[in-house]
1. What are the residues in segment 26-40 that are at pLDDT 90 or above and either of a type in the set (A, V, I, L, M) or more than 10 Å from the ligand (Cβ to nearest atom) (or both), if any?
2. Do you know which residues across segment 48-61 are in contact with a strand residue (DSSP E or B) (Cβ under 6 Å, 6 or more places away or on another chain) and not hydrophobic (A, V, I, L, M, F, W, C)?
3. Taking A22 and the conditions (1) at pLDDT 95 or above; (2) surrounded by 11 or more Cβ atoms within 10 Å (Cβ to Cβ), which numbered condition does it fall short on, given that it satisfies the others?
4. Being aliphatic (A, V, I, L, M) and surrounded by 12 or more Cβ atoms within 10 Å (Cβ to Cβ) is the filter here; which residues of segment 47-84 pass it?
Amino acid sequence: MCPVKKSYRTPHNRIKILVKEAKQMVNGPYYCPQCKKELMQILADPNKKEVFAVCKCGLEEKMAYAPVFQPVDYYSKFMDLYKKRKFEEYRQQYMRQQREKQQVSKT
Ligand SMILES: [Zn+2]
């Protein structure tokens, strides 16, 4: 048994694999809205038609590849997706709270 090996199994492994597989590693790093650091990278794989926004904090977003897009376009697209998701989370939370309030007033 070798307990040292376990420490290599960090989530960072996945990022390294992505970097290796990506045909072109486009510029960055970009500001990450989750960890508030400039650790995010945009990785494009034209063969698989996949683009990833990956951050060292674990944030990862897959996007569709678009040949006309520049890295910064992907980044702004990612930010849109991120904001939309945050908004959706907030909206659902709000709806739930309203529903709970209604239930309380009914009883
Ligand atoms: Zn981050």
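1. Within segment 26-40, L39, M40 qualify.
2. Result: E60, E61.
3. Among (1) at pLDDT 95 or above; (2) surrounded by 11 or more Cβ atoms within 10 Å (Cβ to Cβ), A22 violates only (1).
4. Within segment 47-84, V51, A53, V54, L59, M63, A66, V72, M79, L81 qualify.
The values are calculated or read from the model by the stated rules, or taken from the named source; none is laboratory data. Keep in mind it's a predicted model, so treat the numbers as computed, not measured. When we count neighbours, we look across all protein chains shown, and the Cβ atoms used for this are built from the backbone with ideal geometry, even at glycine.
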